[in-house]
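> Below are the structure tokens for one structure; questions will follow.
Bear in mind that the values in this text are calculations on the coordinates, not laboratory data. Predicted model, so just to flag it, every value in this text is computed and none were measured. Cβ atoms come from the backbone with ideal geometry, glycine included; neighbour counts cover every protein chain shown.
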Amino acid sequence: MLTKEELPECAVATTVQIIGSKWKLLILRNLLQRPWRFNELRKDLEGISQKVLTDSLRSMEADGIISRTVYAEVPPRVEYALNDLGETLRPVMKAMEDW
């Protein structure tokens, strides 16, 4: 997660920096519905490569807006979900949808 000093002073610029890519917005759209597994996201987001999905999820986790839960099963199961900070993006996404 970036420190406050590393973020732009402008709140809009900060938001764009954190969620401003095409794929991150579509991942957020899905995670607003429910937790998703990696392969579910990859199948739903037509055209995204495995590398871009992995990088986007890692970046969003590092920025503190999603959580990654690993279940101790065979085979291992990993789910991605919005955390409390990520949930605060709900009105932002709704405003974009309305626009």
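> With Kirkwood's inverse mean 1/r over C-alpha pairs for Rh, give me the Rg to Rh ratio of region 1-64, two decimals please.
Here Rg/Rh amounts to 1.01.
> Let me know the number of lysine pairs in the chain closer than 23 Å at the Cα, not counting same-chain pairs under 8 apart.
Counting lysine pairs in the chain gives 8.
> Can you compute the modelled spin-label distance between Arg77 and Thr14, with each label point 7 Å from Cα toward Cβ, in nm?
3.6
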